[in-house]
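In what follows, a single structure is set out as structure tokens and then discussed.
The values are calculated or read from the model by the stated rules, or taken from the named source; none is laboratory data. Computed from a predicted structure; not experimentally measured. Here the Cβ is made from the backbone with ideal geometry for all residues, glycine too, and neighbour counts use every protein chain on show.
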Amino acid sequence: MSSLEFFPVVHLLTGPPGLDRNGGIWKTIKKELIRITPQPNLMVQAMHFTTYNLSIKAWDGWFYSYNCKPFIQKELNRIFGDNYNLFIDSGGFQLLYKDFIDLSKWNMNISPEDIYNLQIKFNPTHIASLDYPIGNGISNDILKKRMKDSIKNGIEMLRISDNSIERYVVVHGRNENEIKTYLQMLYKELKKNKLLNENYFIALGSQVPLTNNPKQIQENIVSLMKISKENEIGNGKIHVFGIGDSIAGEIYRKCDTEVDFSYDNSTYVQQALRSRLYDPSLDNYSNYDPYMDYQCNCYACRKLKDYHNDGNLEKILHSPSYKRVLLEDGNYLIKSEFYGLLALHNLFWTKRRQNIKPKMRITLTRNNIYSTNEEYNFPLRGFKNKGDLLLLLQCSKTKPYFESTSHKRMKNILEKYGYFEGKDYDRITLSGLLGPVHWNDELNPIVMSYNFKLTNITSDKHYSILKYKTTMILNVINKKYDRIYAFLPNKNYQKSYQKILESFNIRVFTNYHDINSFFLSNSNPTQ
């Protein structure tokens, strides 16, 4: 194989122009990306602005003509220089349920023409055709319709687009048979429309649902390369949407072919939002530890070390992601900038990630045997709430927590007022050793076996770690609940958790009388 190229997913239109003004974590990534990769690649989903409900005023600002070019092109050159590669995907997965999406606000329709006209406004180096992914559990009729619609859109893109751009016709398939069927259908349409000799490439979609089966993804990619080459479909380049770095690296090492191969993902951002960063010593992602020296000299880590040296890191780590933090020098910082630095570090080590062999993922349930790792990780990925109310309780000596007298008493109080656990409210335990513990993990041996309680001699460092873990978790889950209450009768648990909880506008009760009276006087309690 002649080359392996990575396109990190980046969101550009996150609010009013320009690129370095807004977007939370994306603001930092856009602003500082060139410090990590001087000649950056960017993967942008054409419809990403719909996530931010971009106003008409902001839309017009991004695309008004500036020296005969849309303003967005000027901004891209200002931020990323002249040597970046910009791949604009169609964002078809966002338009899959097009009957429920109204693009008229931006004077657009869901069509290959409108999507292409949007793509070229960015002056991209690469574009992909409007396509509709194939998910699990769909009928054969829906499968065939999505294939036909995607192929039709791919043909139309080749008709109307400028071949000076690298154009990718998207192919979908969850296995070799589906990929072969898709390519046969595509070949017939290309031949029928006299487009077989057009200059275009092939991109593979619908691999994200197969994340837990990296072997199948590898087989699909190899099949696509083999079949497209045998039938002379495309011109020697393959792009795969949404696969991991280690899968891409494995394909690159094993495939005996001269096809140029590229891929994209947003893993570097997703991991950062969970406060996880790539640890070169482990060759894997791990929870960010502010007290560990990662021996990394990338721009992001140098910046993080500066915050630590200035005494600001603890303030940043213990603050909600949406609040400004007053630094020692009098300036303000929003925590999303901290997450942005973690993301940039992760991106810096992408090449290293490509050298890790993919592992089969095993999903554990409450009845499984749990890992005996010393560290407990709250299950943030795919977190789902069951009720609209969250109750945070301090841990108990009795294990599992739900068998303790204190937890049973709180359960009885809420049931008395019509609240039932797992239906009306969720219960998360604030452990003195582990931080927040998910309700499904109370039988985990790590949780069951520890015997530790916060006391007056607990170190400030440990208190700081608990605050950091709690802040990280609440930043992700707090918006999933209408109301959150905490019950912390012990002063040491109040010391560890109360200020953090109150910074999220969570009401903290310190005795049974107060919380019982509160629910008694509030038939429909609010914060």
Against the definition (modelled with pLDDT of 95 or more, outside any helix (DSSP H, G or I) and either outside the structural domain of K237 (by TED's automatic domain parsing) or surrounded by 15 or more Cβ atoms within 10 Å (Cβ to Cβ) (or both)), how does Y132 come out, yes or no? no
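Considering only the stretch 115-129, I want to know if a residue exists there that is part of a strand (DSSP E or B), over 26 Å from L342 (Cα atoms) and among the hydrophobic types (A, V, I, L, M, F, W, C).
Start the filter on the stretch 115-129 by keeping residues that are part of a strand (DSSP E or B), which leaves 126-128.
Imposing the further condition that a residue be over 26 Å from L342 (Cα atoms) reduces the set to 126-128.
Right, trim to among the hydrophobic types (A, V, I, L, M, F, W, C) and you get 127-128.
Yes, the stretch 115-129 has at least one match.
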Report the residue count in the stretch 297-324 for those that are touching a Phe, Trp or Tyr at 6+ places or on another chain (Cβ under 7 Å), without any contact (Cβ under 8 Å) to a residue 40 or more places away in the chain and either polar (S, T, N, Q) or surrounded by fewer than 19 Cβ atoms within 10 Å (Cβ to Cβ) (or both). 1
At pLDDT 85 or above and either surrounded by 19 or more Cβ atoms within 10 Å (Cβ to Cβ) or in a loop (DSSP other than H, G, I, E, B) (or both), is that true of G418? yes
Which condition number in (1) on the phi < 0 side of the Ramachandran plot; (2) not in a helix (DSSP H, G or I) is the one that Y187 fails? (2)
Can you name the number of the only condition in (1) under 23 Å from the mean Cα position of the chain (by Cα); (2) charged (D, E, K, R); (3) buried (at least 16 other Cβ atoms within 10 Å of the Cβ) that E198 fails? (1)
Condition check: over 27 Å from Y84 (Cα atoms) and surrounded by 15 or more Cβ atoms within 10 Å (Cβ to Cβ). Does L143 satisfy that? yes
Looking only at the stretch 387-404, decide whether some residue is among the basic types (K, R) and in contact with a strand residue (DSSP E or B) (Cβ under 7 Å, 6 or more places away or on another chain). no
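Whether any residue in the stretch 195-206 is of a type outside the set (S, T, N, Q), in the same structural domain as V259 (by TED's automatic domain parsing), part of a helix (DSSP H, G or I) and in contact (Cβ under 8 Å) with a residue 24 or more places away in the chain is what I want to check.
Taking the stretch 195-206 and keeping what is of a type outside the set (S, T, N, Q), we get 195-196, 198, 200-205.
From the residues that got through so far, the ones that are in the same structural domain as V259 (by TED's automatic domain parsing) too are 195-196, 198, 200-205.
Among the residues that remain, those that are also part of a helix (DSSP H, G or I) are: none.
The answer is no, given that none of the residues of the stretch 195-206 is of a type outside the set (S, T, N, Q), in the same structural domain as V259 (by TED's automatic domain parsing), part of a helix (DSSP H, G or I) and in contact (Cβ under 8 Å) with a residue 24 or more places away in the chain.
What is the residue count in the stretch 223-258 for residues that are over 23 Å from N197 (Cα atoms) and either assigned to a helix (DSSP H, G or I) or of a type outside the set (G, A, S) (or both)?
Residues that pass the stated criteria total 14.
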Scan the stretch 475-485 for residues that are over 18 Å from K423 (Cα atoms) and either β-branched (V, I, T) or at pLDDT 95 or above (or both) and report the count. 1
Among the residues of the stretch 174-184, the number that are over 16 Å from Y132 (Cβ atoms) and not in a helix (DSSP H, G or I) is 1
Using the structure shown, decide if S164 is of a type in the set (G, A, S), farther than 15 Å from F241 by Cβ and out of contact with any Lys or Arg (no Cβ under 7 Å at 6 or more places or on another chain). yes
Do you know which of the residues in the stretch 283-296 that are among the hydroxyl-bearing types (S, T, Y) and at pLDDT 80 or above is surrounded by the most Cβ atoms within 10 Å (Cβ to Cβ)? Y288
Counting only residues that are among the hydroxyl-bearing types (S, T, Y), touching a Pro at 6+ places or on another chain (Cβ under 9 Å) and over 19 Å from I25 (Cβ atoms), how many does the stretch 452-481 have? 2
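Based on what the data block shows, is Q394 touching a Gly at 6+ places or on another chain (Cβ under 8 Å), surrounded by 13 or more Cβ atoms within 10 Å (Cβ to Cβ), over 30 Å from I217 (Cα atoms) and modelled with pLDDT of 80 or more?
Details: touching a Gly at 6+ places or on another chain (Cβ under 8 Å): yes; surrounded by 13 or more Cβ atoms within 10 Å (Cβ to Cβ): yes; over 30 Å from I217 (Cα atoms): yes; modelled with pLDDT of 80 or more: yes.
The answer is yes for Q394.
Considering only helices (runs of 4 or more DSSP H) fully contained in the stretch 18-91, which possess at least 1 residues that are polar (S, T, N, Q)? If you could, list the steps in order and put the result at the bottom.
On the way: elements: 25-36, 56-63, 71-80.
Passing ranges, in order: 25-36, 71-80.
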N505 is checked against (1) surrounded by fewer than 14 Cβ atoms within 10 Å (Cβ to Cβ); (2) part of a helix (DSSP H, G or I) and fails just one. What number does that condition carry? (2)
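Would you be able to say whether some residue in the stretch 323-330 is assigned to a helix (DSSP H, G or I) and more than 24 Å from P8 (Cα to Cα)?
no
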Select from the stretch 26-60 the residues that are surrounded by 17 or more Cβ atoms within 10 Å (Cβ to Cβ) and small (G, A, S) and list them in ascending order. A46, A58
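Taking the conditions exactly as written (in contact with a helix residue (DSSP H, G or I) (Cβ under 8 Å, 6 or more places away or on another chain) and in a strand (DSSP E or B)), does I428 satisfy them or not? Spell out the reasoning first.
Working: in contact with a helix residue (DSSP H, G or I) (Cβ under 8 Å, 6 or more places away or on another chain): yes; in a strand (DSSP E or B): yes.
It is true that I428 is in contact with a helix residue (DSSP H, G or I) (Cβ under 8 Å, 6 or more places away or on another chain) and in a strand (DSSP E or B).
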Out of N440, N412, N368, N444, which single residue is at pLDDT below 85 and more than 21 Å from the chain's Cα centre (by Cα)? N368
